[in-house]
Structure formats: structure tokens, C-alpha cells
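In what follows, a structure is listed as C-alpha cells, so that the remarks can point back to it.
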Amino acid sequence: MKIIDRIKNKSPFLSLEFFPPKERDQWPRFFGQVERLAELDPVFASVTYGAGGSFRDNTLDIAAEMRKRFDLKVMSHLTCVGAREKSIAEYVERLLEAGIGDVLALRGDMPGNDSDEIWKDFRHASDLVEFVKEGWPEMGVATACYPDAHPESPSIDDDLRWTCHKFNAGSDFAVTQLFFDVRRYRDLVRRLESRGITDPVLPGILPILSMASLNRILALCGANIPPKLYLELQEADQTGGDEAVRRKGVEIARRQIRELLDLGAPGIHLYSLNNADVCLDILTGLPEFGD
Ligand code: FAD
């Protein structure tokens, strides 16, 4: 059963995102975190993928192990920038052999030099969606979307156009980039609906662990945070440092999830940061997931 069939049958649902540890000696700690979070019975767990294919074996090995050890439904992220069709085909075959039947099809972040050479066989995530759908119709395929618009997009409308294009190319559902203003998610879903796209859009929620990590992540992905929230976090930082920021972050994430569910979001995709404690703190007090 593809993930899309699962999420259509369960609401609200929880999904979790993990990043693979780089070194094998970090595996025991990593799987300890996964084990604790598997108790929450997520509808699926996704594993990120190094852009340009770096660490891709890590993604596959970790994803396969998560499925085997914890019986999780796993989705592998897959980026296509700089990739050849042949290597993508091999990867998809290996996923299927490992019992993983879903991918999050991504372009990946552009390397510094924007030369024609890097495009190779795929230019956009939609090319990857089409390639996988055509070659392996049994494979579930999801894509990314951006409540604050992708940072390279000239406008929200332009980004929306290409998000629709990914759905029309065959994306089963989409997972959003992290965001903090719930109205941006609502607007994105409404705009998609007005263009006839009613497939599930999973809101991606980021736990905030410290000002330093928040600033780093925002700079990397180009998402926005409302000034009022940022000030609240800064105030917490000044009075109680990282621990107070983390507490405030838990409160913010919980509020955001509550508002999203009240708006009718089908479920929540939590960026776990491989940190079971913070995820469990956020979900405690939310009867849908934690209690
Ligand atoms: P695209 O959909 O190709 O979009 C990129 C830009 O091009 C956008 O501005 C879009 O509007 C525009 N565009 C799209 N299609 C067209 C078209 N046909 N013609 C003209 N313009 C077009 N990165 C990783 O390296 N590994 C990961 O595991 C990973 N996981 C992620 C998970 C999520 C949920 C999200 C939101 C992002 C993730 N990323 C990951 C980051 C992602 O690779 C970057 O955001 C990347 O810059 C864009 O990827 P995309 O798939 O959205 O690209």
C-alpha cells in the first residue's frame, strides 16, 4: 500500500522526518531515537537524502533498517540535481528491493556553480516525478511545496504554478517546507484548491532547539518567521538561554499544530531533528497524537 492510501484512511495523522547519521557509529543512538518515536505509530517516516547523491547509500541503508527493525512505513527522499537517469533508476530499484515503495521527489539545492553541466538529465523535481511514475507505476511519489514560496521563485503565483505542475505530473501529495505563519499554509491550500488540486498537503513543523540552530535553518531554507514570534524567542534566549528557547519553541510548535488541525490540515509532518525528547514534548498535550 502506498503512503497516499494510508493517509487517506487516517486523519489526523502524524508523520516524522529523520536525517541519516553520517557515521555508522552514530547508528545505535539514532535508532534509539527512532524506536522511541515509533511508539507514536506515525503513518510514515521519511529519511532525507544528500543533494547530488552524496550519502545516498546512508539514506537507503537507514531507511531499510527502519522498516525492518520497527516495521515503519518509510519514504526515502530523492534529489535529482546533477543525477543521471541510470543512477536514479538503480536507486529506485534498490528501494523496491528493500521494501520501500515511496519517494519524496526533489530537485535538491543547487550547487554553487550554475553551469549547464549540473542539469544532466533532470531540471526540476517534476521531471523526476514523471520519470519515476513512468518507470515504476507501483511507486508512491510525493513532492515538496513552500508556504512562503521557494526562495528562487519570482512570486508566490509563479511558485504556485510549478507546485500545481508537480501534482499534475503525478505527485500523490506534498510536504511543506517549514513555516511559522499558519495563514501561509491556509493560503497555499486554498490557492491549490482554486486550481483544482485537492491532494493532501502535509504541513512541515520544525521544533526550535536554540536561536543558533533556528537562524542556521532559516538561512538555509529561506523560510520566514513572523517578527513577533522571533522577538518572543529572543526574549526567552536573553532570560534563560537555549533551555528557555527550547521551551518556547515547544509551545510555538504545539500552538501551530493545534491551529493547523483546527483549520482542517489532514495531519502533521514533524521534522524530528532525530530528537525524540523534543518531539515527545511537543506532542504531549495534543490528544490526537501524544496523550
Ligand atoms: P522544484 O520543484 O524543481 O522547484 C525549484 C524552483 O524551480 C522553485 O522556485 C519552483 O517554483 C521552480 N520550478 C519548479 N518546476 C519548474 C518548471 N518546470 N519550470 C520553471 N520553474 C520551475 N534537499 C535535499 O538535498 N535533500 C532532502 O532530503 C531534502 N528534503 C526536503 C524535504 C522537504 C519537505 C522540503 C520542503 C525540502 C527538502 N529539500 C531537500 C530541499 C529542496 O531540495 C530544496 O528546497 C530545493 O531548492 C528545491 O527542491 P524542489 O524539489 O522543491 O524543486
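The values are calculated or read from the model by the stated rules, or taken from the named source; none is laboratory data. Predicted model, so just to flag it, every value in this text is computed and none were measured. Virtual Cβ from ideal backbone geometry, glycine too; neighbours counted across all protein chains shown. Just the protein is used for accessible areas: all its heavy atoms, side chains included, with ligands, DNA and RNA removed. Shrake-Rupley method; radii C 1.70, N 1.55, O 1.52, S 1.80 Å.
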- Within region 146-180, which residues are within 7 Å of the ligand (Cβ to nearest atom) and aromatic (F, W, Y)? Y146, W162
- Item | Residues of region 225-278 classified as touching a strand residue (DSSP E or B) at 6+ places or on another chain (Cβ under 9 Å), of a type in the set (A, V, I, L, M) and assigned to a helix (DSSP H, G or I), total | 4
- If we scan region 128-149, do we find a residue that is open to solvent by 30 Å² or more (accessible area, probe 1.4 Å), in contact (Cβ under 8 Å) with a residue 12 or more places away in the chain, more than 27 Å from R184 (Cα to Cα) and among the aromatic types (F, W, Y)? yes
- Message: Restricting to region 242-291, and then to whatever is small (G, A, S) and open to solvent by 40 Å² or more (accessible area, probe 1.4 Å), can you tell me which residue is nearest to K10 (Cα to Cα)?
- Response: G264
- Of these, I88, I3, I7, I100, which one is in contact with a strand residue (DSSP E or B) (Cβ under 9 Å, 6 or more places away or on another chain) and over 24 Å from A276 (Cβ atoms)? I88
- Query: So which residues in region 56-93 are without any contact (Cβ under 8 Å) to a residue 40 or more places away in the chain, within 16 Å of R107 (Cα to Cα) and touching a Ser or Thr at 6+ places or on another chain (Cβ under 9 Å), if there are any at all?
  - Reply: R56, S76, H77, Y91
- region 1-44 - residue that is without any contact (Cβ under 8 Å) to a residue 40 or more places away in the chain and within 16 Å of the ligand (Cβ to nearest atom) and, of those, least open to solvent (accessible area, probe 1.4 Å): P42
- Looking at (1) more than 16 Å from the ligand (Cβ to nearest atom); (2) surrounded by fewer than 21 Cβ atoms within 10 Å (Cβ to Cβ); (3) at pLDDT 95 or above, find the lone condition where I197 falls short. (1)
- Check on R184, modelled with pLDDT of 95 or more and within 9 Å of the ligand (Cβ to nearest atom): no
- Message: Just checking, does region 218-241 include any residue being in contact with a Ser or Thr (Cβ under 6 Å, 6 or more places away or on another chain) and surrounded by fewer than 19 Cβ atoms within 10 Å (Cβ to Cβ)?
- Response: no
